[in-house]
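What follows is a set of notes on a single structure, which appears directly below.
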Amino acid sequence: MPRSYELTEHSTAPPARVYALLADAPNWPRWAGPLIARGEWEREGSPTKEGVGAIRKVGRAPLYAREEIVVHEPPRHHAYTILSGQPVRNYRADVRFTEDDHGGTLITWTAQFDPTIPGTGAMLEAWFRRIIGATARRLARAAEADEEPVA
């Protein structure tokens, strides 16, 4: 049975800054938390390295998630599918960045997936809510602390 979740987080940083951090796989270890010791591009996308078709590999040895970028529309929409590294199939996440009235960003992270092991759907949904929720919070705070200019 398919499972899904939706999480929201707010950042005072503008959408372009938040999006840029999420799209920069090699920079994830700086902000994403203890489960992400390494981030890299296994394959570059188009028209930029973080674009559609890119494969992001993130995690900590020996457990890495491989994610393919399927939507790259800065600074509003980033989507990916999980290729391997999690006990799921048909996983797709859409991350949307909406500017608020004060120049900040509402981050909305939605996903759906099918568990590969029967009976684990509720546990996996709870796991993703916890891990992705923490990732969204760290992303928001890192964007606020980032002093690099917005492109």
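If amide H atoms are built 1.01 Å from N in the plane of the peptide, which residues on other chains or at least 5 residues away come under 5 Å of the amide H of Val52?
Ser46, His72
Kindly write out, for the stretch 5-10 in residue order, the coupling ³J(HN,Hα) from the Karplus curve 6.51 cos²θ - 1.76 cosθ + 1.60 (θ = phi - 60°), rounded to whole Hz, with x marking Gly and Pro.
Karplus values, whole Hz, x for Gly and Pro: 8, 9, 10, 10, 8, 10.
Would you please give the residues with an amide H less than 5 Å from that of Thr120, counting only those at least 5 places away or on a separate chain, with H modeled from the backbone geometry?
Long-range HN contacts for Thr120: none found.
Post the alpha-carbon centroid distance, the stretch 1-18 to the stretch 27-73, in whole angstrom.
17 Å
Given R₀ = 35 Å, FRET efficiency for Asn90-Asp24 by Cβ-Cβ distance, to 0.05?
In this case the efficiency is close to 0.85.
Any chance you could run the full-extension gain for Glu73 through Val52? It's 0.36 nm times the residue separation minus the Cα-Cα distance, nm to one decimal.
Taking Glu73 through Val52 to full extension adds about 6.6 nm, to one decimal.
Angle between the Cα long axis of helix 121-145 and the longest principal axis of the chain, 0 to 90 degrees, nearest 10?
Between helix and principal axis, roughly 20 degrees.
Using only the alpha carbon atoms of the stretch 3-145, find the Kirkwood hydrodynamic radius as the inverse mean reciprocal pair distance, in angstroms to one decimal.
Kirkwood hydrodynamic radius for the stretch 3-145: 15.2 Å.
Collect residues whose amide H, placed 1.01 Å from N in the peptide plane, falls under 5 Å from the amide H of Ala37; neighbours closer than 5 in sequence don't count.
Residues meeting the criterion, in which the H sits 1.01 Å from N, are Gly59, Arg60.
Picking from Gly51, Gly119, Gly85, which is most flexible by a Gaussian network model of the chain using Cα springs under 10 Å?
Its mean-square fluctuation being the largest, the pick is Gly119.
So if R0 is 41 Å, what FRET efficiency would Arg60 and His102 give, r being the distance between their Cβ atoms, rounded to the nearest 0.05?
Calculated transfer efficiency: 0.70.
Normalised by the number of residues in the stretch 1-136, what is the relative contact order in percent for Cα pairs under 8 Å and 6+ residues apart?
Value for the stretch 1-136: 28 percent.
What is the spin-label model distance, in nm, from Met123 to Glu6 if the labels are put 7 Å beyond Cα along the C-beta direction?
2.8 nm
Coordinate-derived values only; no laboratory data. These numbers were taken from a predicted model, which means no experiment stands behind them. Here Cβ is always computed from backbone atoms with ideal geometry, including for glycine, and neighbour counts include all displayed protein chains.
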